[in-house]
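Please read the structure below before turning to the comments.
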DNA sequence: TTTCAACACGAAAACGTTAGAGTTGGTGTT
DNA sequence: AACACCAACTCTAACGTTTTCGTGTTGAAA
């Protein structure tokens, strides 16, 4: 077991000083050609690579981005990660991922830990619990320490930083508008509780579309689900008594569960009820009928967030104008809607 | 913008030496009660937290685990990550995730980069391209430098290290046995090309089950897919001419595509053909008919891998006996099979 | 022969931390 | 009075780098 070789060891072997070795490897013109070549050859032979930790300490930057997300077994988040990772890789950064599991405490812990030198900045989507508590001191804290933060998807208005979101409201609006334009007269929505920002926004997009088309808003057609794990029964119960011909669900899971419930209730999709979901994932594509969805373009979102963060990290100029980038959604029409 | 405070700054403010501050915070008995209290109060006030990078450099350990996987938008891998992350968190470790995108070069790059001080050890599932090239020097290299590596799922026999796998062969065997036990006489398999280790193993499990039951192995009933992205057409074409009543697919995607193809071909699942897939994910649960699968227990796998790695990191004793842990699969029977 | 720049290298400090080895001043023992 | 001992610190080295500032040796110009 040969430990990684250091400058010091090379120096000793070649009987020169550490600085000479360092300079040689950086091709400094202070060093003679002979010495440089000797050092380089030796370094190559022993596969010398500078120690990142030492570099980080010296340079006070780690070239690492911290990603904090609520959950990893989640198609949308993983696409975002892929987007971040791609850009980060291209621009010479690494990513370190922490999961909050939607727990406020874990989020605080992660943030604090990573802020102590491990990363140069953060890209995050906040935990549900954090949104509920409305306690953002931990995020404010790292920002005030000079670490750039970019929020995506679930963002917090009160925190001043760069943000990347999709137009949840508009995406929902378009989906509902599509339903209205295609034979639907009575459209229900399955959403989350209001403290989840995106759920709230999508619900309001739904409402706006109805209003824009002179439909009445019937609170009985709005289901807000708290506990995602037991959504299936809730949805079934909700749909039991409803005479609807259109349904908008704020995520894939709800959409799928709704279709299952409808099938149980002997309603056909899309003949009797048209369904559109939010977020495009494997399930949407594979499902029968394949699900029409509002595509969130997660990879673009991640890429944009990464670029924003790295730009800020590399522009010491520090213009303090933070931007919120709103990405377009797009409606993917598949078989779950009448055409 | 207040930068994070350091020991040196605290020392200066309180007019003591850096070591006094350090020792006070560690509650060393070398320091008087008075001074300790003063320092602690000050540190707390300014929210002092030691710099991880400096600690890493000093201690020559980072308390960080590197995870290298081929792909992140992938249900199984994310469950593994969740398992790793959970154990790592509990045991005081962080995880840093790198994606190889199934590219050999990227895998090498990631490994090299992380090995230069960024992590204490690795948990990895190798890229498809690496398996194909059979070039494992990069992995051997980090191991020879004394970094523990734990491989999972797609492991490499030639590399000597701890491994966590499932009994792919046995899982496949059980699935096929189930089909045989439940009215199937002619069972096809949709697999990957042989250089993907798990595909090969599952295929051999399939064959063994057939042999064990005195079925003939018909190479015409074995489809090996190279290009996952265009599997749909391949599968459809394959199934067109086949008169089968059972089908085993080595992953979820293939299973779903197969059912779709069968549906197109006017064959009902499970009435005409029983289907079992490998890996249990959202799609399997949601699909109609819900998919019977071989459950890989990804989270357990991740947890086991993390424990193995951390045990090795923390036991300096270094007994060089590496172990391969074989996790059991379990058959989840749902609606895609006759009962 | 003196002067001086160019060359080629070395020493040291710094990043933030810790731990072991000094140092100081005071008390207690004989 | 001499010594030992203890409390309560400070110093120093070390982890692996980079970079600034020195410094000794050339060779050439004056």
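FYI, it's all coordinate maths here, none of it is from the lab. From a predicted model like this one, the values you see are computed outputs, not experimental measurements. FYI the Cβ positions are ideal-geometry reconstructions off the backbone, even for glycines, and counts take in every protein chain you see.
Overview of values
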| read-out | value |
| --- | --- |
| Elements of type strands (runs of 3 or more DSSP E) in the range A:226-337, at least 1 residues being surrounded by fewer than 21 Cβ atoms within 10 Å (Cβ to Cβ) and in contact with a strand residue (DSSP E or B) (Cβ under 8 Å, 6 or more places away or on another chain) | A:292-295, A:324-327, A:330-332 |
| Some residue of the range A:92-107 being surrounded by fewer than 21 Cβ atoms within 10 Å (Cβ to Cβ), outside any loop (DSSP other than H, G, I, E, B) and more than 10 Å from chain B (Cβ to nearest Cβ) | yes |
| All positions within the range A:1-22 that are over 13 Å from residue A:38 (Cβ atoms), near DNA strand D (Cβ under 9 Å from one of its atoms) and either touching a residue at least 40 places away in the same chain (Cβ under 8 Å) or in a helix (DSSP H, G or I) (or both) | A:4, A:5, A:6, A:7, A:8, A:9, A:18, A:19, A:22 |
| Pair list, Cβ under 7 Å, 6 or more apart: the range A:37-53 residue more than 8 Å from chain B (Cβ to nearest Cβ), other residue away from DNA strand C (no atom under 16 Å from the Cβ) | A:46/A:5; A:48/A:5 |
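Residues are listed down the side, and each one gets a yes or a no for (1) more than 13 Å from residue B:69 (Cβ to Cβ); (2) more than 20 Å from the chain's Cα centre (by Cα); (3) outside any loop (DSSP other than H, G, I, E, B):
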position	(1), (2), (3)
B:109	yes, no, yes
B:138	yes, no, yes
B:151	no, no, yes
B:157	yes, no, no
B:160	yes, no, no
B:164	yes, no, yes
B:170	yes, no, yes
B:176	yes, yes, yes
